[in-house]
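Each remark here refers to the structure printed beneath this line.
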Amino acid sequence: FELERVGVHESVDPVFPASELSSYLSDLPVDVDVIGDDEIDACDAVVTLEHREAFLEIDWVHSIQAGVDRFPFDALEANDVILTNSTGIHDRTVGETVAGYLLAFSRRLHEHVANGTERRWDKPAWDDAFTLPGTSACVVGTGTLGSGVADVLGALGVHVTGVRRSGDPVPGFEEVYANDDLLEAVADVEFVIVTLPLTDETHHTIDADVFEAMDEGARFVNVGRGPVVDQDALIAALESESIAGAALDVFGTEPLPEESPLWGMDEVIVTPHCAAFTEDYFRDTGDIVRENVDRLDSGEAFHNRIV
Ligand code: NAD
């Protein structure tokens, strides 16, 4: 297709100002403008966070997220719309966020922050704090996020294992289990960390059986997608203290409803789907768009093409 105008859809604004990305791409040999819903039909391509029905009338949609579960693959395909995503850029950001969760648990930082809001000088129990070297983390999903998590945690002395469909080795993971051995993989580790995308196959991969298989002292982390986890089973496991805590960036319903019991739990850290936030986000995603504009020009296949 002929690319003349790329719209940066205003739905990207919670992640970065749309105008930052349009300026960053202003040297492309096409027009790049910030657009709202009423200007979609005047574009050949859009860069977006959210989906809109009007995208079915254009040629190319680029998602600024890695997760594309919100897009209707069949309808896009039926309308010959190309969909690309932003996987490949969130390794370090999400890896550092997960390291932050683990350090909060080990050094009790979330407890101090909570005490601070009430001006309370309260030391942790003598045996609540620990150090990370020698602990083990099982990372479910060994793609970009999983590898980024393994890199950062490995540097902190954490023994990192992984779970993937095949069970074949992946650099950065000391041991890799196949999906069929998930329950064995999550037993006897201090941390279970989910980095899976949401697909028909991964829905509720983490269920009551997984929480049952985990140690009572273990903590659970989800930075993939909420519905990969049976959230009711997670809440039940936390309430019955069959696991020791959780750090969650993604939820079954977002924003996490005010009445969710997860908000009130001392050993649960809630972050509002921002594990990959960085001031460099518009550059990182812009570089993928730029690469694909170049590829379109030279007739090569798109990078990160999903549909
Ligand atoms: P990726 O494509 O690099 O990695 C996904 C990995 O999951 C791949 O290795 C794939 O083989 C594996 N996988 C898929 N289905 C599987 C299954 N049924 N069993 C086992 N493994 C399976 O993608 P990524 O960049 O690592 O992102 C992964 C997901 O994390 C995204 O789809 C998105 O939903 C989520 N994400 C969340 C944030 C955040 O802010 N919290 C940021 C980026 C990505």
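The values are calculated or read from the model by the stated rules, or taken from the named source; none is laboratory data. Fair warning: this is a prediction, and the values are worked out from it, not measured in the lab. Neighbour counts run over all protein chains shown; Cβ positions are idealised from the backbone, glycine included. Side chains included, ligands, DNA and RNA excluded: accessible areas come from the protein's heavy atoms. Shrake-Rupley method; radii C 1.70, N 1.55, O 1.52, S 1.80 Å.
Points worth noting:
- Residue list for region 16-54, restricted to those being over 17 Å from N304 (Cβ atoms) and open to solvent by less than 30 Å² (accessible area, probe 1.4 Å): F16, A18, S22, L28, V30, V32, I35, G36, I40, C43
- Meeting the requirement of 1 or more residues that are over 30 Å from G134 (Cα atoms) and without any contact (Cβ under 8 Å) to a residue 60 or more places away in the chain, the strands (runs of 3 or more DSSP E) wholly within region 4-104 are 5-9, 31-35, 45-48, 60-63.
- So V192, is it in contact with a strand residue (DSSP E or B) (Cβ under 6 Å, 6 or more places away or on another chain), within 15 Å of the ligand (Cβ to nearest atom) and among the β-branched types (V, I, T): yes
- Scan of region 230-269 for residues that are charged (D, E, K, R) and either away from the ligand (no atom under 16 Å from the Cβ) or open to solvent by less than 10 Å² (accessible area, probe 1.4 Å) (or both), ordered by number: D232, E239, E241, D249, E258, E259, D266, E267
- Boolean, V152 is hydrophobic (A, V, I, L, M, F, W, C), under 19 Å from Y177 (Cβ atoms), within 15 Å of the ligand (Cβ to nearest atom) and open to solvent by less than 60 Å² (accessible area, probe 1.4 Å): no
- Checked against (1) surrounded by fewer than 17 Cβ atoms within 10 Å (Cβ to Cβ); (2) within 16 Å of the ligand (Cβ to nearest atom), T131 passes all but condition (2).
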